[in-house]
Amino acid sequence: MNRRHGLLIAVVGGIVVLTGLHYTAGHEHGASPHHLYRRLYYFPILAAAWGWGVRGGIAAALAVIGSYVPHAFGLFAMHADPASTIDKVAEILLYAALGAFVGAVVDRERKDKAALSRSIVERDDALGELREAQEVLVQAEHQAAMGFLTAGLAHEIRNPLGSIRGAAELLASRQQGETEERVASLLVRETERLDDVLTRFLTFAGSESSGRTPTSLSDLAAEVVTLVGPEASQRDIDVTHIRCTATPTILLDGVALRQALLNLVLNAMQVQGAGGVVRVLSGCDDRGGPRPLFLQVEDAGPGVPAEHRGDVFHPYFSTRAGGTGVGLAVTRRVVTEQDGTIEVGDSPLGGAKFEVRLPGRAGAAIRQEEDKA
């Protein structure tokens, strides 16, 4: 029995009991019992007004009046309440006024509480939107600062870097000893790495998009795993793609998203030594929701401490020695520009798990396949 049912039984029972006492009270004790029972009628009226507002208060008052009037005026051959007529009429009017007034007060209080609750919810929503706007503003400020920096650095660094790379490739192509050949190959690889770092900075500073084309997340993940295959084999790291479910082909900026996923996979490889494991999962969540399509990158590395998870996507922040703190910022920007989300958590492999979710169509046929690097 809920509270309202209990209150209804109490109100109805109170009226019935008081009416019975009133009707059976004789005149041998004078008017005192009748005066008492008339006053006790206030309690079921007040209880109904408190429980159901003005409608409940008026309904209970009418029930009391209907029960009391035959006895008050001796209708239907009943003995009458010995009180004066003016007292009985005043009592009846008081019943109606009490139910209406107290019920109206209760309704007003509840409306005020509801309005206050709505105001609190609206305030919390506004604060949440403000925090999001502030975060976007901070990101925009970082991006603007990066744009000014890279605009000047790009010309100054890339031209001499291209000359160094050309000279290194020329040395590597000549017949020479094993040591010289190894040094020349190292120069080529390092200039390529520096060029890649510069490209990442330029990518973060800019906002160019290659346009949206029909893209399958599973195919994109398989391409990235294939792309990192040679380096993974060289470093003895097992990189696997698992198709959890078939994914629909949707319109995405596939080029940018491929680079974002590549950043995640390379990061997962860089935090592990020989014997490391990287697992890329793609699929469509059958539970639906606004972003059912997912990509997950899991590793067996050291993971991301809980206190740093709110910062890893900020520009210039890195938990890895020698990291630029740009790759994850680029990844986050690419994902959010495609109405997606990215979160970091704990991996079942013991390290970190980065999960990207994107809008799409759920309900694809379930299958599970593996693509090895």
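The values are calculated or read from the model by the stated rules, or taken from the named source; none is laboratory data. Worth saying up front: this structure is predicted, and the values here are computed from it rather than measured. In this analysis, Cβ positions are derived from the backbone assuming ideal geometry, glycine residues included, and neighbour counts consider all displayed protein chains.
Taking strands (runs of 3 or more DSSP E) that do not extend beyond region 239-318, which have at least 2 residues that are on the phi > 0 side of the Ramachandran plot, touching a strand residue (DSSP E or B) at 6+ places or on another chain (Cβ under 9 Å) and surrounded by 20 or more Cβ atoms within 10 Å (Cβ to Cβ)?
Result: empty, no element qualifies.
Given the residues Gly283, Gly229, Gly276, which is the only one that is assigned by TED's automatic domain parsing to the domain that holds Thr336 and within 22 Å of Arg332 (Cα to Cα)?
Answer to the check: Gly283.
Can you pull out the residues in region 217-233 that are in contact (Cβ under 8 Å) with a residue 40 or more places away in the chain, over 15 Å from Leu281 (Cβ atoms) and in a helix (DSSP H, G or I)?
If the condition is that a residue be in contact (Cβ under 8 Å) with a residue 40 or more places away in the chain, over 15 Å from Leu281 (Cβ atoms) and in a helix (DSSP H, G or I), then Thr226, Gly229, Ala232, Ser233 are the ones that fit.
Can you find even one residue in region 198-213 that is small (Gly, Ala, Ser), in contact with a Ser or Thr (Cβ under 9 Å, 6 or more places away or on another chain) and modelled with pLDDT of 65 or more?
no
Please tell me if Ser347 is assigned by TED's automatic domain parsing to the domain that holds Val225, hydroxyl-bearing (Ser, Thr, Tyr), modelled with pLDDT of 85 or more and in contact with a Cys (Cβ under 7 Å, 6 or more places away or on another chain).
no
Which condition from (1) of a type outside the set (Lys, Arg); (2) surrounded by 14 or more Cβ atoms within 10 Å (Cβ to Cβ); (3) over 20 Å from Ser32 (Cβ atoms) is the one that Asp112 breaks?
(2)
Could you identify the single residue in His35, His71, His22 that is touching a residue at least 12 places away in the same chain (Cβ under 8 Å) and in contact with an Asp or Glu (Cβ under 7 Å, 6 or more places away or on another chain)?
Every option except His71 fails the conditions.
So, Phe148, is that one of a type in the set (A, V, I, L, M, F, W, C), closer than 20 Å to Val335 by Cα and either at pLDDT below 70 or not assigned by TED's automatic domain parsing to the domain that holds Glu337 (or both) or not?
Taking the combined requirement at face value, the residue does not satisfy it.
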